[in-house]
1. Among (1) farther than 18 Å from L208 by Cα; (2) among the small types (G, A, S); (3) assigned by TED's automatic domain parsing to the domain that holds R93, which single condition is A72 missing?
2. Whether any residue in region 8-19 is crowded, with 17+ Cβ neighbours inside 10 Å, within 22 Å of the chain's Cα centre (by Cα) and of a type in the set (F, W, Y) is what I want to check.
3. Would you check if there is a residue in region 90-110 being closer than 19 Å to L218 by Cβ and under 20 Å from the mean Cα position of the chain (by Cα)?
4. Could you list, in sequence order, all residues of region 191-204 that are of a type outside the set (G, A, S), surrounded by 22 or more Cβ atoms within 10 Å (Cβ to Cβ) and farther than 24 Å from Q222 by Cβ?
5. Here is a check on your reading of the model: is Y162 aromatic (F, W, Y), buried (at least 19 other Cβ atoms within 10 Å of the Cβ) and touching an Asp or Glu at 6+ places or on another chain (Cβ under 8 Å)?
6. Can you tell me which residue in region 33-66 is surrounded by the most Cβ atoms within 10 Å (Cβ to Cβ), limited to those that are in contact with a Pro (Cβ under 7 Å, 6 or more places away or on another chain) and among the polar types (S, T, N, Q)?
7. Looking at L294, L271, can you tell me which residue is buried (at least 17 other Cβ atoms within 10 Å of the Cβ), within 21 Å of the chain's Cα centre (by Cα) and outside the structural domain of R235 (by TED's automatic domain parsing)?
8. Tell me which residues, restricted to region 205-223, are under 15 Å from the mean Cα position of the chain (by Cα) and surrounded by fewer than 23 Cβ atoms within 10 Å (Cβ to Cβ).
Amino acid sequence: MIVVDVLLYAFVLLLAIPVGTMVVSIVAAVFVPTRLLPLSTGPRPSLAVLVPAHDEALVIAATLDTIRPQLAAGDRVVVIADNCSDDTAAIARAAGAEVLERHDTLRRGKGYALDHGVRFLESHQPPEVVVFVDADCNVTPGTLDLLVRRCRYTGRPVQATYDMLLGTDNPTVPPISAFAWKLRAVICPLGMHHLGCATFLMGSGMALPWPLARDLPLASGQIVEDMQMTLDLARRGAPPVMCPQARVTSEFPVSRAGATSQRTRWEHGHLGMIVSQAPRLLSEISRGVGAGLLPLTLDLCVPPKALLVMLLLSSVLLSGLGAAIGASSGPFIVSLLLVGLFLGSVWLAWARFGRDIVPPSEAFRVAKYVFAKIPLYLRFLVRRQVEWVRSKRDAD
């Protein structure tokens, strides 16, 4: 029974780390007042917007339409048409963008495209600040100015609020899934920002001072290149900060295949980063290496919410079974406490930020949403996605 007690206590205490991190960030997002951000004054730093695009003919013009009005004299928007087989390059040129066409079927992925764009800027009048925007995004008016001025003031990478929206007719992505994204990408980062902590880059709507962008090792097939970029920057003493008032939005794919591939890429990539990076990060923190790594490490260790629910249910069942056969009841009590904290924080986030996404009538579908993710997590164990795959758009 001593061995059983040790194993059960270890399990529930490990779960307390992601649950505690999530609870604290949600409470901070709801109750801690938003801070006014200091921005640089005077002339705006020069800016280049890099837009990586792989077969984005359907959406690239609309994205550029939201970027162009925000450019000042001397600013540039550069589209990297990466291994495209459609009219992305021609449409982008017609919309007034500089276009780089890249063809390399062996080195595929967003990281390679971004590196190609940065290397181009390096040899063609580098800007003071580089902003990365995905080809399917809507950049809210005023966002570029906020990002660039915040970036100049802090000398650090800056992440805009990046929200994924449900379209008016999207039968493939349930509202609960959209709320789970908002929880992970908007609400929890906002709470970390309110606490004065660093935040993870989200892949789009992120601004970097030119020296940091130039020296980043971007050329890789990493499927969550934004997470890797964040950790690389934090290790260099420049952990990213958030600018909540700046906002970039996109829509979930309507294609069922696109929605599935997008979820798989995000969640397999996140889990892969936990497995590969968390032990290294904890070792670095214990040795006092890397300012700003602790909040990012705690944030990284919060797994996808559906998986966290499964782990919490498993802890309740296992600790309850242990108590029934004579082991300590402590792990069972702690497991119930963690479940209560998790549910309470999710309700708080929904009440403050999610009422317009998930109506109360959808609550009964939570179990279906969670258990539908089991095949995705099993594939992570036996056939993990490690290569970048573009999500199919509406008309594909």
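The values are calculated or read from the model by the stated rules, or taken from the named source; none is laboratory data. Bear in mind the structure is a predicted one, so any value in this text is a computation, not a measurement. Cβ: placed from backbone, ideal geometry, glycine included. Neighbour counts: every protein chain shown.
1. Just one mismatch for A72, condition (1).
2. No - not one qualifying residue is present in region 8-19.
3. The answer is yes; a qualifying residue exists.
4. H193
5. no
6. Residue satisfying both the conditions and the ranking: S46.
7. L271
8. Selection gives Q222 alone.
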